[in-house]
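Trainee: Please see the structure below; I have some questions.
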Amino acid sequence: MARDTYFTTIGALAEAGSIPTELVSNEHLVYSSPATLMYNSPGAQGFGVKRAGVVIPESVMLVVAPACCGRNTTILADEGGYSERMFFLQMSENDLVTGRHLSDIPEAIEEIYEVCEVKPKVVVICITCVDALLGTDLERVCRKAEERTGIHVVPTYMYALMREGKNPPMVAVREAIYSLLEKRKPTGGTVNLLGNFTHLEDDSDLYDILGQMGIKTIHEVGRKETLEEYMEMGGADFNIILHPEARKAAFTLESKLGIPYVELTRVYEIDRIKRQYALFASALGVEIYDSEYFREASDACLRLQQLCEGKTFAIGQVVNGNSIEMALALEKLGLRVKSVFANISEDDFPFIRELASYNPDLKVYSTMSPTMMNYDGSEKVDISIGIDAQFYYPESINVHWNNEIQPFGYKGLVHFVEAIERRLADERA
């Protein structure tokens, strides 16, 4: 293991045009520092697989796992306020060898239905790495359980070891969330927003922009309270992908239900926000009016430039946004970003190449690299964005920017600036 903490620079990434193996977590041991515990496991805090699975309305989850995984789930579910919707089928040592636990699943579902005062309409089965190693065909198990119980049974996978595979857990669970939808006759002027487990901020400009395009009904799974409301999503005219990990879900819905899709990216660079909306409107052959939103966001950017002139930033990975794109947005405002923490993907290279023209020396770290054990904390910044960045820059003014209700568009940028303003005001108080 290298003695020095590994990092590369934006300039080096842009020149290479490829991702170095040191930034690919399945190429080395994974270091679970306190900064990574929030996100590097699909069962972690926030919306890991288990909490995400019960986004389906009127559902409960049956976690089929050894005691250690169940213990972790109990703590997280209690903290997250969804413990009353979690049930457990504990695997014994004998089960690990024989797979006998799988035959107990239908009986466990029946018992869950019996004990619940409010009868669930969906049971989400979540299995762990143990069943991945056993080669369990969970889809077949769920079909058989559904036939026996008459209850919708949905498979999900808390496979941390598949994080870097072709179908990572958080991609698979997004597909599972929409798997119960059935084709309904479109009512016209209806769209689904895919990718978030909650919903957009109530004042998001995207709602108004879609309204200007003739969209009358906007479905988000995070706003659905009943299974029937959820099923209305099967009659949408098209889907909008708001998170790249929802692409596979959108592909499946197009194949299964004939619902086409478009993708909009959450960005914080104001001109890119405007350009994306313009391209979207042009593709639909409509005209939109966003000048007021643009003006408000421009004013916020000016305030940020004045407030943070001469200050330095670090941007973590546990944020509502892409840390590379956020760094680019700040650099284009004339603000200096010293470091970012990111799992680089091919989607990042348009941002990387542009960012290299502003700050080629910007450092890129992976918090899952074993070399982060050697991080000495000698580097200083004034403002850190994201709770993981705070771990590495404890003396900085930290803005978590990881609320569950999701920012987007111009208003997302405005609220980001306001979050920084509040923290700096708190420090001065």
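The values are calculated or read from the model by the stated rules, or taken from the named source; none is laboratory data. Nothing here was measured: the structure is a model prediction, and the numbers come from that model. Using ideal geometry, Cβ is built from the backbone for each residue, glycine included, and neighbour counts are taken over all protein chains shown. The protein model used for the area step is the full one, side chains on, heavy atoms only, and it has no ligands, DNA or RNA in it. Shrake-Rupley method; radii C 1.70, N 1.55, O 1.52, S 1.80 Å.
Trainee: Roughly how many nanometres apart are two label points built 7 Å out from the Cα toward the Cβ at Glu379 and Thr98?
Mentor: Going from the Glu379 label point to the Thr98 one covers 5.4 nm.
Trainee: Give me the Å³ per residue figure for the convex hull around the C-alpha atoms of segment 95-190.
Mentor: Normalising the Cα hull of segment 95-190 by residue number yields 139 Å³.
Trainee: Leaving out ligands and nucleic acids, and using a 1.4 Å probe, what accessible area per residue does the chain come to in Å²?
Mentor: 45 Å²
Trainee: On a 0 to 90 degree scale, rounded to 10, what angle separates helix 270-284 from the longest Cα axis of the chain?
Mentor: So the helix axis and the longest Cα principal axis differ by about 50 degrees.
Trainee: Going from the alpha-carbon gyration tensor of segment 131-248, what semi-axes, largest first and in whole Å, does one get by taking the root of 5 times each eigenvalue? All intermediate terms of the calculation are to be shown ahead of the outcome.
Mentor: Working: eigenvalues 179, 69, 23 Å².
Gyration-tensor ellipsoid for segment 131-248: 30, 19, 11 Å.
Trainee: Taking a virtual spin label 7 Å from the Cα of Thr198 along the C-beta vector, which residues in segment 305-324 bring their backbone nitrogen under 13 Å of it?
Mentor: 319-321
Trainee: Continuing with the same structure: Between Tyr358 and Tyr113, take the C-beta separation as r, use R0 = 41 Å, and let me know the FRET efficiency to the nearest 0.05.
Mentor: Numbers: r = 58 Å, r/R0 = 1.41.
It comes to 0.10.
Trainee: Another question, if that's okay. Search the structure for amide H atoms under 5 Å from the amide H of Val154, placed 1.01 Å from N in the peptide plane, and list their residues when 5 or more places away or on another chain.
Mentor: Counting only residues 5 or more places away or on other chains, the set is Val123, Val124, Ile125.
Trainee: What FRET efficiency comes out for Phe251 versus Glu404 if R0 is 25 angstrom and r is the Cβ-Cβ distance? Round to the nearest 0.05. Spell out each step's value before the answer.
Mentor: Details: r = 26 Å, r/R0 = 1.04.
Once rounded, the FRET efficiency stands at 0.45.
Trainee: Going down the list Lys50/Lys144; Lys256/Lys411; Lys224/Lys332, which pairs span over 30 Å between their C-alpha atoms? It would help to have the intermediate numbers written out before the result.
Mentor: Values: Lys50/Lys144 22 Å; Lys256/Lys411 34 Å; Lys224/Lys332 38 Å.
Going by Cα-Cα distance, Lys256/Lys411; Lys224/Lys332 fall outside the 30 Å limit.
Trainee: Okay, next question. Report the full-extension gain for the segment Thr226 to Lys144: residue separation times 0.36 nm, less the Cα-Cα distance, to one decimal in nm. The partial results should precede the final answer.
Mentor: On the way: separation 82, 0.36 × 82 = 29.52 nm, distance 2.48 nm.
Going from the current span to full extension adds 27.0 nm.
Trainee: What fraction of the DSSP beta bridges in the chain is antiparallel, stated in percent and rounded to the nearest 5? Let's see the in-between values first.
Mentor: On the way: 2 of 45 bridges.
Antiparallel: roughly 5 percent of the beta bridges in the chain.
Trainee: Give the span of segment 177-332's Cα atoms along each principal axis, as three whole-Å numbers ordered largest to smallest.
Mentor: Taking the Cα atoms of segment 177-332, the three principal extents are 55, 34, 26 Å.
Trainee: So what J values fall out for segment 257-265 if you push phi through Karplus, 6.51 cos²θ - 1.76 cosθ + 1.60 with θ = phi - 60°, rounded to Hz, Gly and Pro as x?
Mentor: 10, x, 8, x, 9, 10, 10, 10, 9
Trainee: Between 0 and 90 degrees, rounded to the nearest ten: what's the tilt of helix 105-115 against the longest Cα principal axis of the chain?
Mentor: Relative to the chain, helix 105-115 is tipped by roughly 90 degrees.
Trainee: Could you pull out every residue, at least 5 positions away or on a different chain, whose amide H is within less than 5 Å of the one on Ile315? Hs are placed 1.01 Å off N in the peptide plane, and Pro or chain starts have none.
Mentor: Excluding prolines and chain starts, which carry no amide H, the hits are Ser339, Val340, Phe341, Ile385.
Trainee: Here is a further query. Calculate one ³J(HN,Hα) per residue across segment 337-343 by plugging θ = phi - 60° into the Karplus curve 6.51 cos²θ - 1.76 cosθ + 1.60, and present them in order as whole Hz with x for glycine and proline.
Mentor: Going residue by residue, I get 9, 8, 7, 9, 10, 7, 9 Hz, with x marking Gly and Pro.
Trainee: Let me understand the chain better: what is its radius of gyration from the alpha carbons, and its Dmax, in angstrom?
Mentor: Radius of gyration, then largest Cα-Cα span, for the chain: 22.7, 66 Å.
Trainee: Let me ask something else. Give, to the nearest whole percent, the P(r) tail of segment 165-214 beyond 18 angstrom, counting all Cα pairs.
Mentor: 51 percent
Trainee: Name the aspartates and glutamates eligible as straight-distance cross-link partners of Lys311: C-alpha to C-alpha under 15 Å, and not fewer than 8 places from it in the same chain.
Mentor: Glu331, Glu379, Asp382, Glu395, Glu421, Glu427
Trainee: Still on this model: Want the number for Arg275 to Thr21: 0.36 nm per residue separation, take away the alpha-carbon distance, what's left?
Mentor: 88.1 nm
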